[in-house]
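Below is one structure, written out as structure tokens; comments come after it.
The values are calculated or read from the model by the stated rules, or taken from the named source; none is laboratory data. Remember, it's a predicted structure, so these values are computed and weren't measured experimentally. Ideal geometry is used to build each Cβ from the backbone, glycine not excepted, and the neighbour counts take in all protein chains shown. The protein model used for the area step is the full one, side chains on, heavy atoms only, and it has no ligands, DNA or RNA in it. Shrake-Rupley method; radii C 1.70, N 1.55, O 1.52, S 1.80 Å.
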Amino acid sequence: MPIVNGSGQTKNTHQLNKGVWGDAGAPAEAPFNVVGKRMPLKDAYRKVTGEGVYTDDMKFPGMLHCRILHATKPHAKIVSIDTSKALALPGVRAVVTGDDAENRFGVLPVSQDEPAMARGKVIYNGEPVAAVAADTEEIAAEAIWLIDVQYEPLQEFLRPRESLKDVEPELQLHDKVDKKHPATNIHKAVDQEFGDVEAAFKAAASTPNAEFKFDGISHGFTEPHSVIAHWDADDRLQLYTPQQVPHYTHRALAKVLNLPMHRIQVIRTMVGGGFGGKSDPFQHEMIVALLSMRTRRAVKVTMDREETFLTGRGRHPTESKVAMAFDKEGKLLALDSDVIIDGGAYGSFGVVSAYYNGVLSNGPYRIPAFRYHGKRIYSNRIPSGAMRGHGSVNPRYCTETLVDMAAVELGIDPCELRLRNFLESNTLTPFHKFRITSNGIREGLAEAMKRSDWKNKWGKLPYGHGIGVGCAWYISGSALPIHWNKLPQSTVHLKIDMDGGITVHSLAADIGQGSDTMLAQCVAEVLGVNMDRIHVKSTTTDTAPIDLGSYSSRVTFMAGNAARAAAEEIRHKLTDAAARLTGQRGEYFDFVEEELVCRTKPDVRVGFMEALHEAQADIGALVASGSYQSPPLGTTFKGSNAGLSPSYSFSAFIAEVKVDPETGFVQPLKIWAAHDCGRALNPLSVEGQIEGSVHMGLGQALCEQLRYRNGQLLNGNFLDYKIPTPFDTPEIEAIIVESHDPEGPFGAKECGEGALAPIIPAIGNAIYDAVGVRMFEVPMTPDRILKAIEKKAREEAKQ
């Protein structure tokens, strides 16, 4: 039975259950040392005091500065590029163009479609065309305007449906498109059908359906893109970058620069926010590397806010036509969806996006019949990518809205209808065979209903005041790695020298979510030591073993298990040492407050340092390696690997809002956010992730949107791109549900992304409860809400 706990913004009532953790010789009920304790993140002090060093803070002797020339056309042939005037400007040291890097790259092996700079033609307004390295940033900025680029405009593809049509080869944005549509600009098409969908709809008592439209949005991270490349005296490239995925950047650099990977070191600097927006290898990383190799000096580029927006990789603009079928008792019978997602200029994670927009709709409810047609298209817009909650957020709004519509039509409480359809623990989804191990969504929804007084509010509040619900699930890392090889998905190395400090080496990127702290907790828990003994080194590819990076909510589950495995190897070495010192059996020793205590003879104790020095006799430092590889999962049909995960999180949110019917303005009053994270390793961090997800989701729900005119982004700044401020954020009551996943580290699973998706439909459904209109466009801006209210009033007046 999952344990439900909670805390609000103004109070802390979190009380964790003591659980069971596995280790040879450990007691059946082992009290935790650091797991489950509220603690600040390891880098918190550096961030709040300004001691943290970001890329833009760094300087090197003789460092040059880079500025990038961006395309001014959405789609055009490059007739010529004349760099002579720029090169003649005093202080300019080098100029590069697309001709200086032939090889294309991309985060996915199946979509290697990005040039370091445009080659032959430009495909979006803002694409890098050329770059300058100069003695100062001012000189570099002057020089790029001296580069003369002549364009020949081509037909533009600015609306998704235009990219579905057959075109001449010169109008295709990329050579490689979907095999079933070879003459189009369709990047990837996915068609899946399981069960008898038509029969389900014919037999249904309720078939809610609608066409939805979602604007593209940006991650809005604080730190703009900033990178330094240094071709050093050893003829080796050092790249300093705030990356979520240093390993993939390492691979891309090797390909673009025609260098073996061992001649490149990627150093992850402190990350000032990512949310998926720093999980691709980027063109600016390739550009500064090319300039540094040419000049043999360090080269830095720090983008301004507009350039950061133009780099993109935000949430895909999406058009969705979705229908669901329910019987008269509210049992879900089928889901049918047809989706077009606008990928913009490049592939990015797009093949995965095309699958996720469908397959991740197969939960948190059991769906007996399923049909999905999805197309991810190329367009002449900013590239879309993997934003927080990748592939699940927009379709979740569609399904949760339709579930509410069915509930109203059938006369069933919306929460009750959901409870009738939830997946159970220890089950498989019907067709994709997603394995559900732990699942606390029932307990989470029940608790959110109780705390929000749902039964006394839904459908009973005065006009303009409403309450709504939204539920979701999400992966704890992808079970299948991007690169199909036999390497582990995560590896952690531990080293303990004679001083007793424990160094954790991992390439899992701490991007603000607290992964360094999580790794330290996993090691400290196994070894029974204080957190101050643990030093996490997770920044450089030279010293950190392979980890695939921070995306798809994979780090806690995968890197956490790897860290625990490495710590258990060290643990056995220390218990063997204690056995030699005491004559007791090693498996009888527990690790308690920096001592090894014999369970059968509690008076027999060995200090941690004493056991360590005994274990180090004749060998020096203790070294151990732990790794994680997802177990075999899924089935065998084409695309069956998409959405597979060793575990899934579950969320149930309730939102209370007020809507001004005269202006359409929405005021969120309070959010009750229940999230099943398996076990909260650090409740303070889990609450922060839930609250951050709610805040980000509110932005997409109510105000955030990328606006274009003729292919040009109009609001690439934080004045015109509207992000909710702290004053716009309602009280959030975070409810932590602990289902104790049997395979997660100490029972934990993801909490960084899954909590975003449910808040958007919870707001939408609350708006319906308040003023009686369904919103099918997101964001639900005041003008759109007012338009819907006025339309409803006109329709009622005709009756």
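When 379, 392 are checked against the criterion of being within 24 Å of residue 550 (Cα to Cα) and hydroxyl-bearing (Ser, Thr, Tyr), a single residue qualifies: 392. Within region 192-238, being in a strand (DSSP E or B), more than 21 Å from residue 386 (Cβ to Cβ) and among the hydrophobic types (A, V, I, L, M, F, W, C) holds for 194, 210, 228, 229, 231, 237. Of these, 664, 634, 643, which one is modelled with pLDDT under 95, in contact with a Leu (Cβ under 6 Å, 6 or more places away or on another chain) and not in a strand (DSSP E or B)? Step by step, each of 664, 634, 643 is checked, and only 634 is modelled with pLDDT under 95, in contact with a Leu (Cβ under 6 Å, 6 or more places away or on another chain) and not in a strand (DSSP E or B).
Taking the listed residues 374, 391, 468, the one that is in a strand (DSSP E or B) and closer than 30 Å to residue 155 by Cα is 374, with no other qualifying.
So for region 262-272 (the condition being open to solvent by 10 Å² or more (accessible area, probe 1.4 Å) and among the small types (Gly, Ala, Ser)), does at least one residue qualify? There is at least one residue in region 262-272 that is open to solvent by 10 Å² or more (accessible area, probe 1.4 Å) and among the small types (Gly, Ala, Ser).
Taken over region 461-477, residues that are of a type outside the set (Val, Ile, Thr) and surrounded by 24 or more Cβ atoms within 10 Å (Cβ to Cβ) amount to 9. Here residue 132 meets each of (1) touching a residue at least 60 places away in the same chain (Cβ under 8 Å); (2) part of a loop (DSSP other than H, G, I, E, B); (3) within 33 Å of the chain's Cα centre (by Cα); (4) closer than 27 Å to residue 290 by Cβ with one exception, condition (2).
If the condition is being within 19 Å of residue 294 (Cβ to Cβ), open to solvent by 10 Å² or more (accessible area, probe 1.4 Å) and assigned to a loop (DSSP other than H, G, I, E, B), then region 70-120 contributes 83, 89, 90, 91, 102, 103, 119. Scanning region 534-590 for residues that are open to solvent by less than 20 Å² (accessible area, probe 1.4 Å), in a helix (DSSP H, G or I), out of contact with any Cys (no Cβ under 8 Å at 6 or more places or on another chain) and under 26 Å from residue 646 (Cβ atoms) gives 555, 557, 558, 559, 562, 566, 570, 571. Quick check, is residue 158 hydrophobic (A, V, I, L, M, F, W, C), within 28 Å of the chain's Cα centre (by Cα) and open to solvent by less than 20 Å² (accessible area, probe 1.4 Å)? It is false that residue 158 is hydrophobic (A, V, I, L, M, F, W, C), within 28 Å of the chain's Cα centre (by Cα) and open to solvent by less than 20 Å² (accessible area, probe 1.4 Å).
Which of the numbered conditions does residue 672 fail, given that it passes all the others? Conditions: (1) touching a helix residue (DSSP H, G or I) at 6+ places or on another chain (Cβ under 8 Å); (2) buried (at least 18 other Cβ atoms within 10 Å of the Cβ); (3) assigned to a loop (DSSP other than H, G, I, E, B). Among (1) touching a helix residue (DSSP H, G or I) at 6+ places or on another chain (Cβ under 8 Å); (2) buried (at least 18 other Cβ atoms within 10 Å of the Cβ); (3) assigned to a loop (DSSP other than H, G, I, E, B), the lone unmet condition for residue 672 is (3).
Please tell me if residue 701 is touching a strand residue (DSSP E or B) at 6+ places or on another chain (Cβ under 7 Å), open to solvent by less than 10 Å² (accessible area, probe 1.4 Å), in a strand (DSSP E or B) and farther than 25 Å from residue 516 by Cα. It is false that residue 701 is touching a strand residue (DSSP E or B) at 6+ places or on another chain (Cβ under 7 Å), open to solvent by less than 10 Å² (accessible area, probe 1.4 Å), in a strand (DSSP E or B) and farther than 25 Å from residue 516 by Cα. Looking only at residues in region 714-737 that are hydrophobic (A, V, I, L, M, F, W, C), in contact (Cβ under 8 Å) with a residue 40 or more places away in the chain and not in a loop (DSSP other than H, G, I, E, B), the one that is farthest from residue 218 (Cα to Cα) is 737.
Here residue 761 meets each of (1) surrounded by fewer than 24 Cβ atoms within 10 Å (Cβ to Cβ); (2) touching a residue at least 40 places away in the same chain (Cβ under 8 Å) with one exception, condition (1).
Selection of first residues in region 765-794 that are in a helix (DSSP H, G or I) and of second residues that are aromatic (Phe, Trp, Tyr), restricted to Cβ pairs under 6 Å at least 6 apart or on distinct chains, gives the following pairs, ordered by first then second residue: 782/665.
Of all residues assigned to region 741-755, none qualifies as being in contact (Cβ under 8 Å) with a residue 24 or more places away in the chain, among the basic types (Lys, Arg) and under 18 Å from residue 702 (Cβ atoms). Considering region 256-349, the qualifying strands (runs of 3 or more DSSP E), each wholly inside and each with 3 or more residues that are touching a Lys or Arg at 6+ places or on another chain (Cβ under 9 Å), touching a residue at least 40 places away in the same chain (Cβ under 8 Å) and β-branched (Val, Ile, Thr), run over 332-342.
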